[in-house]
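Down below is the structure, laid out as structure tokens.
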Amino acid sequence: MKDLKLASIDAKKERTTIKIGNVTVGRDFVVIAGPCSVETEEQTIKTAIAVKEAGGDMLRGGAFKPRTSPYAFQGLGMKGLKILDKAKRETGLPIVTEVVDARDVSWVCEYADIIQIGARNMQNFSLLKEAGRVKKPVLLKRGMYSTLSEWLNCAEYILAEGNPDVILCERGIRTFETYTRNTLDLSIIPSSKEVTHLPIMADPSHGTGKLSLIGPMSLASVASGADGILLEVHIDPSKALSDASQQLTPAAFKTLIRKIRQLKESYDSIVNS
Ligand code: PEP
Ligand code: MN
């Protein structure tokens with residue numbers, strides 16, 4: 001990957017760490033959780049409180065939703081961001097939210113602690129450049145048909161504009177397998193660490209699309225060396241307006257995060273022994 005002037009491990013020996021609120025991405029194991037979409041104030045705030053009480057580090061929630069169908073729920077937009085802001089004030093959790101349009105990047109940054117660029121927009125170069133011009137960390141999801149090299153070149157677009165704070169997120173790729181929604185490619189986690197200094201997280205919710213698989217693949221993500229996990233949590237998953245089949249209840253999240261933290265401790269002692 002000779003074309004990577006900034007994202008390459010040869011360009012910067014020490015690994016990138018990004019301090020956000022009380023946690024440092026790239027050093028602490030970070031759990032980002034929350035609903036796929038911000039739907040109502042009650043749904044978001046109740047979920048945020050549950051995420052906080054269970055020990056989550058940040059709240060995620062989409063106010064702008066990139067949907068396959070133009071007729072599907074597209075998100076609450078500005079109203080959704082105001083709800084996220086309220087959830088942040090109530091819980092203290094930093095906010096992770098997606099931007100889908102380059103024109104929205106700077107003002108969404110007034111509400112977001114991390115801006116997310118989704119899988120469908122990984123190669124939206126004008127969006128990447130705009131994200132490179134702001135002073136907020138960017139969570140860059142892997143495109144569903146993208147190689148590691150293509151993905152890192154997209155991170156390079158952001159870095160090249162002056163924003164050094166990029167977090168990669170593996171969210172599953174399209175393969176011939178249809179049993180799962182996507183194939184969570186966990187080999188990309190240690191692979192990325194061989195070539196880039198950027199932190200990398202795993203998203204077992206989109207990576208599997210199946211409730212029963214989120215637990216095992218979250219634990220597998222820890223064991224792959226991921227720097228954190230992103231999980232979808234909803235107070236009433238069956239009523240969710242997007243991704244209803246993959247959102248954990250607060251109770252399931254609480255059980256899972258306990259196992260994740262426990263495994264992470266054992267993992268560290270094994271790897272460092
Ligand atoms: C999401 O995080 O809700 C989302 C739309 O993710 P992805 O871009 O990975 O599909
Ligand atoms: Mn989703």
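Residues with beta-carbon under 9 Å from that of VAL100, excluding VAL100: net charge, scoring Lys, Arg +1 and Asp, Glu -1?
Result for the neighbourhood of VAL100: -1.
How much FRET efficiency would the formula 1/(1 + (r/R0)^6) give for LYS82 and ASP236, where r is the Cβ-Cβ distance and R0 is 22 Å, rounded to 0.05?
Between LYS82 and ASP236 the formula returns 0.50.
With a 1.4 Å probe and all protein chains left in place, how much accessible area per residue does the range 131-273 have, in Å²?
Result: 41 Å² per residue.
The range 198-249 to the range 2-65: how many Å between their Cα centroids?
Answer, in whole Å: 13.
Which whole-Hz couplings ³J(HN,Hα) result when phi for each residue of the range 181-186 is put into the Karplus expression 6.51 cos²θ - 1.76 cosθ + 1.60, θ = phi - 60°, listed in order with x for Gly and Pro?
Result, ordered by residue: 5, 9, 9, 6, 8, 6 Hz.
What does the charge add up to near ASP113, with Lys and Arg as +1, Asp and Glu as -1, over the other residues with Cβ less than 14 Å from its Cβ?
Around ASP113, the charge tally is +1.
Carbon and sulfur together cover what percent of the accessible area of the chain at a 1.4 Å probe radius?
Percent of accessible area from carbon and sulfur atoms in the chain: 53.
May I ask for the net charge around ALA160, where only other residues with Cβ less than 9 Å from the Cβ of ALA160 are counted and Lys, Arg are +1 while Asp, Glu are -1?
My count for the surroundings of ALA160 gives 0.
The values are calculated or read from the model by the stated rules, or taken from the named source; none is laboratory data. It should be emphasised that the depicted structure is a prediction, and the values quoted were computed from it without experimental measurement. When we count neighbours, we look across all protein chains shown, and the Cβ atoms used for this are built from the backbone with ideal geometry, even at glycine. In case anyone asks, the SASA skips ligands and DNA or RNA and just uses the protein heavy atoms, side chains included. Shrake-Rupley method; radii C 1.70, N 1.55, O 1.52, S 1.80 Å.
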